[in-house]
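Beneath this line is the structure, given in structure tokens, with notes to follow.
The values are calculated or read from the model by the stated rules, or taken from the named source; none is laboratory data. From a predicted model like this one, the values you see are computed outputs, not experimental measurements. Neighbour counts are summed over all protein chains in view; Cβ atoms, including those assigned to glycine, are modelled from backbone coordinates with ideal geometry.
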Amino acid sequence: MGYIKSKFTGSAIFFAIFLLFFSLALVFAVVEDIKTFSGDYLRLLFLSVFLFLFIQLLKPYKYIIIKSNKLTYYSFIRPFGKTLHFSDYIGKIVYQESSSVGNYNVLYLIDKEYRTAFKIMGLHYKEIETIINTIPLKAMDFKPTIKESFKLFLFGRITIKEGCNDKKAEKKRDKFMNAIQIAGAIGLSLMVLGYLLRWILG
């Protein structure tokens with residue numbers, strides 16, 4: 001019987017605090033914008049979209065406990081936890097993503113309808129290989145395309161076709177997602193800082 005409790009890396013903890021701070025700042029900015037709404041729908045839309053993106057970035061931060069045939073996790077989205085039973089899934093996919101700090105493994109549990117159902121991002125954990133090996137599910141061969149990677153980032157749900165493994169598509173996907181991450185981080189930071197400065201300076 002497998003048993004493990006996840007451990008976050010130092011950089012993951014720091015980045016989670018950073019994301020949480022900016023997410024709260026965005027919530028405040030959206031609320032203030034609604035209170036003093038002057039008909040600028042575009043600004044409110046941008047703030048709402050950025051808040052959604054920050055929440056998406058916070059979702060992969062999960063404290064995980066794997067015990068025998070179940071996995072329990074706690075996150076910013078589910079602070080009281082949720083338990084998943086491995087008998088409800090047919091397998092797992094593991095593939096590599098790239099970021100400014102290098103490559104890291106990503107794991108998805110696959111439900112009985114061949115859809116991705118739960119994500120574990122290796123970038124945040126000290127012992128991702130142990131976590132992957134402790135999950136008693138069949139490893140399925142799959143590499144997402146650029147379109148599928150984008151859908152996974154936004155919604156976390158796609159239907160997979162086992163055996164898809166295009167190396168060229170994988171390299172293009174990694175470059176595209178890397179560029180999106182960098183551009184998104186810069187744009188979001190500048191936007192939130194601008195609104196914070198405007199609020200502070202009156």
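When residues in segment 84-109 are screened for being acidic (D, E) and either assigned to a strand (DSSP E or B) or closer than 14 Å to Y125 by Cβ (or both), 1 of them pass. Does any residue of segment 60-83 turn out to be part of a helix (DSSP H, G or I), crowded, with 16+ Cβ neighbours inside 10 Å and either modelled with pLDDT of 80 or more or among the polar types (S, T, N, Q) (or both)? So far as segment 60-83 goes, no, none of its residues is part of a helix (DSSP H, G or I), crowded, with 16+ Cβ neighbours inside 10 Å and either modelled with pLDDT of 80 or more or among the polar types (S, T, N, Q) (or both).
Looking for something touching a helix residue (DSSP H, G or I) at 6+ places or on another chain (Cβ under 6 Å), at pLDDT 90 or above and in a strand (DSSP E or B) - is there at least one such residue anywhere in segment 117-127? No, because not a single residue in segment 117-127 is touching a helix residue (DSSP H, G or I) at 6+ places or on another chain (Cβ under 6 Å), at pLDDT 90 or above and in a strand (DSSP E or B).
Exactly one residue among F52, F21, F15 is within 19 Å of I120 (Cβ to Cβ), modelled with pLDDT of 75 or more, part of a helix (DSSP H, G or I) and not hydroxyl-bearing (S, T, Y), and that residue is F15. When you check L188 against the structure, is it of a type in the set (A, V, I, L, M) and modelled with pLDDT of 65 or more, yes or no? So L188 does not fit the description; no.
Residues in segment 89-102 that are surrounded by 12 or more Cβ atoms within 10 Å (Cβ to Cβ) and not small (G, A, S): Y89, I90, K92, I93, V94, Y95, Q96, E97.
Listed by first and then second residue, the pairs linking a residue in segment 47-62 that is in contact (Cβ under 8 Å) with a residue 24 or more places away in the chain and within 23 Å of V106 (Cβ to Cβ) to a residue that is among the β-branched types (V, I, T) and part of a loop (DSSP other than H, G, I, E, B), with Cβ atoms under 6 Å apart and 6 or more places separating them unless they lie on different chains, are K59/I77. Somewhere in segment 136-159, is a residue modelled with pLDDT of 90 or more and polar (S, T, N, Q)? No, every residue in segment 136-159 fails to be modelled with pLDDT of 90 or more and polar (S, T, N, Q). If you go through segment 128-144 and keep only what is surrounded by 16 or more Cβ atoms within 10 Å (Cβ to Cβ) and not in a strand (DSSP E or B), you end up with I128, I131, I132, T134, I135, L137, K143, P144.
Residues that are touching a helix residue (DSSP H, G or I) at 6+ places or on another chain (Cβ under 8 Å), among the small types (G, A, S) and closer than 18 Å to G91 by Cβ within segment 140-165 are absent altogether.
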